[in-house]
Protein chains: 2
Amino acid sequence: MTVKEDYEKAMLESGLKMTIRRELVYHILYHAEFPIDVESIYKKLIHEKINLSTVYRTLESFVAKGIVKKGNLGNTSVATYELNRKEHKHHIVCVKCHQVVTLSGCPLEQYVKHLKETSGFEILEHKLEIQGMCPSCKNKDC
Amino acid sequence: MTVKEDYEKAMLESGLKMTIRRELVYHILYHAEFPIDVESIYKKLIHEKINLSTVYRTLESFVAKGIVKKGNLGNTSVATYELNRKEHKHHIVCVKCHQVVTLSGCPLEQYVKHLKETSGFEILEHKLEIQGMCPSCKNKDC
DNA sequence: ATTCATGCAAATGCTTTGCATCATT
DNA sequence: AATGATGCAAAGCATTTGCATGAAT
């Protein structure tokens, strides 16, 4: 399935109208290797006619429909967004330079299953982020 | 060790001066069962003479010294703070009412050990938050 | 005495919103 | 035609900062 087909499927299933701006944002999320913030998305759209508030609104409607997951960049208050794929990934973030490395696999599958059976909650998502210092920053004393 | 002794130890070790405001904030964090936001802290200090920006500055200097860990409330951009205890805890947060339940134990100890050996990063903290719907919200259709 | 902490007010930066216009259904 | 999407400008809100004063070392 192509990105475009993927996008169209998401719009149809969610009931959101198909527009150029939404497709642009969807494409960026689709090709992102890790959660990205609004500024990064907007910068990638510098040559397109799209307003910053449209980017925000697009992302929020995607989140409301479950198409996209919202998170935060490290411990900052900057929101990040990523496509809500079946195969989710977790990341290590460098506390200094914010470099992000994607980890393979999810170490929590068993644990989440356990919680579903014992917690009384309806378990939905989980957020896991490992913080550390990347090899490069580790060697700089700043 | 009492809260006060704990606080004094933290200030001595970090080099931060001991002040009434810092002690007040430290006490609140000490007795909090889960990460709390600045507004909640400030409300608990309503009868004390303390400025909101002092609360922010106090928390940020605690974070800088590793006394406190900073996070986020659910997927919002509101910062939360908790004491950086040896025995860290994780939580389930209700996506509707923001009720927080503390989980026992950390399911990631083995995994983090593994990452320390293989990732090339100096692994520091990790953030894990489970999102779900609490028993009460689960039964309300809103 | 020096260094750091605090209050206050103003500024910052990310995000949201009201409203008129435009595009998709 | 009706409903929803977008641009633009203004507002909102959490957080930060400059500066003068006050307190801890």
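The values are calculated or read from the model by the stated rules, or taken from the named source; none is laboratory data. Source: prediction; values computed, not measured. Cβ placement follows ideal geometry from the backbone for every residue including glycine, while neighbour counts extend to all protein chains displayed.
Filter the stretch B:78-94 for residues that are within 12 Å of chain A (Cβ to nearest Cβ), farther than 11 Å from B:GLU129 by Cβ and part of a loop (DSSP other than H, G, I, E, B) and give the result.
Residue satisfying the conditions is B:VAL78 alone.
Tell me, please, whether a residue that is among the basic types (Lys, Arg), farther than 30 Å from A:TYR56 by Cβ and within 11 Å of DNA strand D (Cβ to nearest atom) can be found in the stretch B:33-46.
no
Go over the candidates B:GLU60, B:GLU117, B:GLU39, B:GLU23 one by one and state the one that is without any contact (Cβ under 8 Å) to a residue 60 or more places away in the chain and assigned by TED's automatic domain parsing to the domain that holds B:PRO135.
Of the residues listed, the single one that is without any contact (Cβ under 8 Å) to a residue 60 or more places away in the chain and assigned by TED's automatic domain parsing to the domain that holds B:PRO135 is B:GLU117.
May I ask you to list the residues in the stretch B:86-101 that are closer than 15 Å to B:GLY74 by Cβ and in contact with a strand residue (DSSP E or B) (Cβ under 7 Å, 6 or more places away or on another chain)?
Matches in the stretch B:86-101: B:HIS90, B:HIS91, B:ILE92, B:VAL93, B:CYS94, B:VAL95, B:LYS96, B:VAL100, B:VAL101.
So which residues in the stretch B:57-67 are hydrophobic (A, V, I, L, M, F, W, C), within 10 Å of DNA strand D (Cβ to nearest atom) and more than 11 Å from every other protein chain (Cβ to nearest Cβ)?
Across the stretch B:57-67, the qualifying residue is only B:LEU59.
Looking only at the stretch B:95-112, filter to residues that are of a type in the set (S, T, N, Q) and part of a loop (DSSP other than H, G, I, E, B); which one of those is farthest from B:PRO35 (Cα to Cα)?
Filtering the stretch B:95-112 for residues that are of a type in the set (S, T, N, Q) and part of a loop (DSSP other than H, G, I, E, B), the one farthest from B:PRO35 (Cα to Cα) comes out as B:SER104.
From the list A:THR76, A:THR54, exactly one residue is surrounded by fewer than 18 Cβ atoms within 10 Å (Cβ to Cβ), within 14 Å of DNA strand D (Cβ to nearest atom) and within 20 Å of A:GLU8 (Cα to Cα). Which is it?
From the options A:THR76, A:THR54, the qualifying one is A:THR54.
With (1) within 27 Å of B:LYS70 (Cα to Cα); (2) assigned to a loop (DSSP other than H, G, I, E, B) as the list, and A:LEU115 as the residue in question, which single condition is left unmet?
It fails just one condition, (2).
If I filter the stretch B:33-47 for residues that are near DNA strand C (Cβ under 9 Å from one of its atoms), out of contact with any strand residue (DSSP E or B) (no Cβ under 6 Å at 6 or more places or on another chain) and either closer than 30 Å to A:LEU124 by Cα or more than 14 Å from chain A (Cβ to nearest Cβ) (or both), do I get at least one hit?
So far as the stretch B:33-47 goes, no, none of its residues is near DNA strand C (Cβ under 9 Å from one of its atoms), out of contact with any strand residue (DSSP E or B) (no Cβ under 6 Å at 6 or more places or on another chain) and either closer than 30 Å to A:LEU124 by Cα or more than 14 Å from chain A (Cβ to nearest Cβ) (or both).
Which residues, counting only those in the stretch A:52-91, are out of contact with any Lys or Arg (no Cβ under 9 Å at 6 or more places or on another chain), within 8 Å of DNA strand C (Cβ to nearest atom) and of a type in the set (A, V, I, L, M)?
Passing the criteria: A:LEU52, A:VAL78.
Quick check on my filter: what residues within the stretch A:100-136 are surrounded by 15 or more Cβ atoms within 10 Å (Cβ to Cβ) and more than 9 Å from chain B (Cβ to nearest Cβ)?
If the condition is that a residue be surrounded by 15 or more Cβ atoms within 10 Å (Cβ to Cβ) and more than 9 Å from chain B (Cβ to nearest Cβ), then A:VAL100, A:CYS106 are the ones that fit.
For the stretch B:14-48, which positions are assigned to a helix (DSSP H, G or I), under 21 Å from B:THR102 (Cβ atoms) and acidic (Asp, Glu)?
Scanning the stretch B:14-48 gives a single hit, B:GLU39.
Is it the case, given these coordinates, that A:LYS70 is away from DNA strand D (no atom under 13 Å from the Cβ), without any contact (Cβ under 8 Å) to a residue 12 or more places away in the chain and not in a helix (DSSP H, G or I)?
yes
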